[in-house]
1. Of all residues in the range 110-122, count the ones that are within 18 Å of F50 (Cα to Cα) and surrounded by 12 or more Cβ atoms within 10 Å (Cβ to Cβ).
2. Where residues in the range 12-42 are open to solvent by 20 Å² or more (accessible area, probe 1.4 Å), under 22 Å from M72 (Cβ atoms) and not aliphatic (A, V, I, L, M), which of them is modelled with the highest pLDDT?
3. Could you please find all residues in the range 80-105 being over 26 Å from L161 (Cβ atoms) and among the β-branched types (V, I, T)?
4. Based on what the data block shows, is T123 in a loop (DSSP other than H, G, I, E, B) and either modelled with pLDDT under 70 or within 26 Å of the chain's Cα centre (by Cα) (or both)?
5. Does V79 qualify as being outside any loop (DSSP other than H, G, I, E, B) and in contact (Cβ under 8 Å) with a residue 60 or more places away in the chain?
6. Does V92 fit the bill of being part of a helix (DSSP H, G or I), at pLDDT below 85 and either in contact with a helix residue (DSSP H, G or I) (Cβ under 6 Å, 6 or more places away or on another chain) or within 27 Å of I190 (Cβ to Cβ) (or both)?
7. Kindly indicate whether any position in the range 219-228 is in a helix (DSSP H, G or I) and at pLDDT 75 or above.
8. Considering V69, V43, which residue is hydrophobic (A, V, I, L, M, F, W, C), touching a Pro at 6+ places or on another chain (Cβ under 8 Å) and at positive phi?
Amino acid sequence: STDWRSNKSFFDLLYILIALVDILVCATVLPIILSFLHQRDGVWFVNPTFCTIWGGLWEVLPHLSVFLVGFMSLSRTVVLLRPLCKLNPHAVYLTTSFYLLLLVLRTAVPVALGEAVYMYAITDVFCFENPQTEAAYQFNSISRAITLAAPVVPICISCLLSYTIIKLNERRVERGRRSSAMNATITILIFTIVYIVLNIPVFLNYLLMSVAGLREGCKTSCYYHAYNHSKLLTWYSWNFTYVLCVAVNSTINPLIYYCRMRLVKDFVNEGMRSSSRVVVEHTQFTKTLTKRASRAVFRSGNSFTVSTVQGSTLSETEIGQSEC
């Protein structure tokens, strides 16, 4: 049978894409933090162009992150069910690009047709898509609820199935291979659990919006009526579920990489050691140069300033001749 490691490049590419999306999510949160620091003043969001661009990005990135987690979980299950299957890394590019295109079209088309506009809400502290018609409102809430929640069922089934298959086959495979396969599955399980816990709250918000939107003539009034009795829900519901939870998810993922993936841990640790060596070597170089300059000044009996360029070293003879 084909070794599961032959698909390593496929999953490495998925991890890279997930990490890239996580970085973009964390960077996109910065304007919200700035608005909170200015008493929900909006700051950058008061610019309509920035508000539209930011809102479009936020409508795409969290949903793309959910898709990548689901894709990773399903792919792992395929490898376990069909050990001879060789996954093509190009499938990651094609599938992700196609889904990204759908998300962009879903976000851009209503705005381009005048069916929706992006506006800043002081209660949410971010820009959101405000549908201008009943149909646009229903499409907005239902489509987002589907893209956030639909992957939950296949992801959970895939993870449970993967874990069950490994447990059943662990006596029939080599010890080292079993350990690697089990670790890989546990890593994906952790990703999935973190995703479910941190994305279910915003799904519930969208689900409530969808139910309210299905009532004729109700639109947003029925939805917000459920929150009006609580100031906590009014002022923190969406920015907690749709911003904080998503950002925390993107922040936790790199920690999972570091704790669960030896290559990532070795890479980070080696980078930290290299940085420490550079600092120590620079400190030692500065001390050595200072001592040489001090000895040269003492021998010449004159005081002067020694100028150096980074990466260059002056010998005692050169320093002594520099006064000429």
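The values are calculated or read from the model by the stated rules, or taken from the named source; none is laboratory data. Worth saying up front: this structure is predicted, and the values here are computed from it rather than measured. Neighbour counts run over all protein chains shown; Cβ positions are idealised from the backbone, glycine included. Note: accessible area is taken over every heavy atom of the protein model, side chains too, but ligands, DNA and RNA are not part of it. Shrake-Rupley method; radii C 1.70, N 1.55, O 1.52, S 1.80 Å.
1. Qualifying residue count, the range 110-122: 9.
2. Checked the range 12-42; the qualifying residue modelled with the highest pLDDT is C26.
3. Correct list: V104 only.
4. Values: in a loop (DSSP other than H, G, I, E, B): yes; either modelled with pLDDT under 70 or within 26 Å of the chain's Cα centre (by Cα) (or both): yes.
Yes, satisfied.
5. Values: outside any loop (DSSP other than H, G, I, E, B): yes; in contact (Cβ under 8 Å) with a residue 60 or more places away in the chain: yes.
Taking the combined requirement at face value, the residue satisfies it.
6. Working: part of a helix (DSSP H, G or I): yes; at pLDDT below 85: no; either in contact with a helix residue (DSSP H, G or I) (Cβ under 6 Å, 6 or more places away or on another chain) or within 27 Å of I190 (Cβ to Cβ) (or both): yes.
Spelling it out, it is not the case that V92 is part of a helix (DSSP H, G or I), at pLDDT below 85 and either in contact with a helix residue (DSSP H, G or I) (Cβ under 6 Å, 6 or more places away or on another chain) or within 27 Å of I190 (Cβ to Cβ) (or both).
7. Start the filter on the range 219-228 by keeping residues that are in a helix (DSSP H, G or I), which leaves 219-225.
Still in the running and at pLDDT 75 or above: none.
No, the conditions are met nowhere in the range 219-228.
8. Only one candidate passes the filter, namely V43.
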